[in-house]
């Protein structure tokens, strides 16, 4: 039994022509001690690095 489950989704992985090519989503599907939801991040594939988007929450 886990306290926190997060999943990553990048539309550009499945759809190379996606206009959201540098965007990734962290989807919090279970959080025993807090809220669930989706957070959008900027993904830099050349560095395999995720960066915060300025005040973006979905």
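Of note:
- Full-extension gain in nm, residue 27 to residue 42, via 0.36 nm per residue minus C-alpha separation: 4.0 nm
- Packing-based exposure ordering (other Cβ within 10 Å, fewest first) of 29, 39: 29, 39
- Cα-based Rg / Dmax (Å) for the chain: 12.6, 38
- Its DSSP H runs of at least 4 residues, each contributing -39,500 (n - 2.57), put the calculated 222 nm mean residue ellipticity of the chain at -1000 deg cm²/dmol, to the nearest 500.
- Segment 4-52: relative contact order as a whole-number percent, Cα under 8 Å and 6+ apart: 31 percent
Any read-out appearing in this document is the output of simple, stated calculations on the displayed coordinates, not a laboratory observation. Worth saying up front: this structure is predicted, and the values here are computed from it rather than measured. Note: ideal-geometry Cβ built from the backbone for every residue, glycine included; neighbour counts use all protein chains shown.
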